[in-house]
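Remarks on the structure that follows.
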Amino acid sequence: MAKIHTHYDNLKVARGAPQEVIRAAYKALSQKYHPDKNPGDEKAARIMAIVNTAYNTLSDPVRRKEHDEWIAAEEWEVEWLESSGEEGARPRGESGWEAPPAPALPRPSLLRDPKWWLGILGGVTVGAAAAVLLLQPPKILPAALAFNGKAAAKTETPTPVQDAEPDVWAGLDGARTPAGQVKALAVTQLVVPPRKPECATDMATPAAPNGEPWPADSGYIAGYPVGNLGKEMSVVVDNGANEAPVFVKIYDLDRRSNVRHAYVEAHATLTIDQLAAGRYEVRYQNVVTEAARAACAGAAPPLRQAGASF
């Protein structure tokens, strides 16, 4: 069976390794590939970023459990592909270094669980019944509920006041707009609390976790895919009171994957827009700047992550 490249492989440890072994492996690799010991070596910087990501995942019990579930799901899929005659191998990174993707839902347990299939059957039945009801909205539902737009999560847009005509809303110019064409934009704001940079807990690397350099200004980080494109939601990250830049990730709670990766400078604000409607979590970490990194020579910072759901 094709081998799945994991964070355990990046740290050169067994999957069941205890925390002390993981810490020792991380320390050894940090001493070898740390940018301070390899100035100007882009390959060492990329490897160090991958090692940092692997250690941050395996040192956190919750994230390590999610990674183990992702491994089990991937191995089951590869085994199924190989048994059906399809190619299941995955490309390997340079010299065996590769950053595994975000964990997906554990498909083996779902597909083999009869309760999952019963849930699907029940969902289809409910959907069919709802479709029958919606085909005749004038007879069953009041006109005010016949809204055909997408629901936006936790919208802060004020609800327009309806007048005596329930099927139309008044625009700013006094024109009448059919209710089905009204769209709402959900705007969520994350205010990062002020905190001085801490070398022991913040990210003190010269590059982002994917090996790309930090942007010169606030914005998206190169090399990361942009997912969940839409016009229903946006997120305002207010880092105005913080003395350090932050690394921001927008995490899709339903798909269990990161759909945006951004960098926000100290005392700055960034709007992350063009998001489809859904349930998200904003995760961020302080980043130690070049000036502050000199005081962190030799330090091996663990991941410190905070977040806000919306």
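Details
- Sequence-ordered 3J(HN,Hα) estimates for the range 48-62 from the Karplus curve with 6.51, -1.76 and 1.60 and θ = phi - 60° stand at 5, 5, 5, 5, 4, 4, 4, 5, 4, 6, 6, 7, 9, x, 5 Hz, glycine and proline given as x.
- By accessible area with a 1.4 Å probe, ligands and nucleic acids excluded, highest first: order of Lys43, Lys231: Lys231, Lys43
- Residues with amide H under 5 Å from that of Asn258, placed H, sequence gap 5 or more: Asp252
- Sum of side-chain charges, Tyr55 neighbourhood, beta-carbon under 10 Å (Lys, Arg +1; Asp, Glu -1): +1
- Over 24 Å (Cα to Cα) - which of Lys196/Lys249; Lys12/Lys37; Lys3/Lys37 fall in this group: Lys3/Lys37
- Long-range amide H partners of Thr269 with built H, under 5 Å: Asn239
- With DNA, RNA and ligands ignored, accessible area of Ile4 (1.4 Å probe; Å², nearest 10): 10
The values are calculated or read from the model by the stated rules, or taken from the named source; none is laboratory data. Because the structure is a prediction, the values reported are computed rather than measured. As a convention, Cβ positions derive from the backbone with ideal geometry for all residues, glycine included, and neighbour counts pool all protein chains shown. These accessible areas exclude ligands, DNA and RNA; they are computed on the full protein's heavy atoms, side chains included. Shrake-Rupley method; radii C 1.70, N 1.55, O 1.52, S 1.80 Å.
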